[in-house]
Amino acid sequence: MTTERRAAGDKRAEAEAACAELAEALKRAGIVLPSLGVDPVSYGYAQPRPLIELGRCNLETTHRLIAALDRAAR
């Protein structure tokens with residue numbers, strides 16, 4: 001395996017782990033983002049730069065997210 005492919009695999013694993021961690025943190029706050037995931041298009045670069053896709057959410061979820069962020073900022 002080439003160094004570049006290994007680095008891309010490491011970044012993908014890191015992104016998947018971060019996405020799962022974010023999903024769990026949001027769940028503890030009573031928030032579910034159904035479209036949460038790693039954006040596969042972001043692996044198309046020579047140097048992989050994985051992006052976490054938060055997706056769309058309804059108004060109720062938006063208010064829950066705002067409240068959770070406000071609590072965390074205090």
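The values are calculated or read from the model by the stated rules, or taken from the named source; none is laboratory data. Owing to the predicted nature of the structure, the values given are computational and were not obtained by experimental measurement. Every residue, glycine among them, receives a Cβ derived from its backbone with ideal geometry; neighbour counts consider all protein chains shown. Keep in mind that these areas ignore ligands, DNA and RNA; they rest on the heavy atoms of the full protein, side chains included. Shrake-Rupley method; radii C 1.70, N 1.55, O 1.52, S 1.80 Å.
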Subset of the range 26-43 (residues that are over 11 Å from the mean Cα position of the chain (by Cα) and not charged (D, E, K, R)): Ala29, Gly30, Ile31, Val32, Pro34, Pro40, Val41, Ser42, Tyr43
Test result for Glu60, at negative phi, open to solvent by 100 Å² or more (accessible area, probe 1.4 Å) and free of Cβ contacts under 8 Å to residues at least 60 places away in the same chain: yes
Subset of the range 10-55 that is among the basic types (Lys, Arg) and farther than 22 Å from Arg71 by Cα - its residue that is surrounded by the fewest Cβ atoms within 10 Å (Cβ to Cβ): Arg49
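Conditions (1) over 13 Å from the mean Cα position of the chain (by Cα); (2) among the acidic types (Asp, Glu); (3) assigned to a helix (DSSP H, G or I), marked per residue:
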residue: Ala8; (1), (2), (3): yes, no, yes
residue: Arg12; (1), (2), (3): no, no, yes
residue: Cys19; (1), (2), (3): no, no, yes
residue: Tyr45; (1), (2), (3): yes, no, no
residue: Ile66; (1), (2), (3): yes, no, yes
residue: Ala72; (1), (2), (3): yes, no, yes
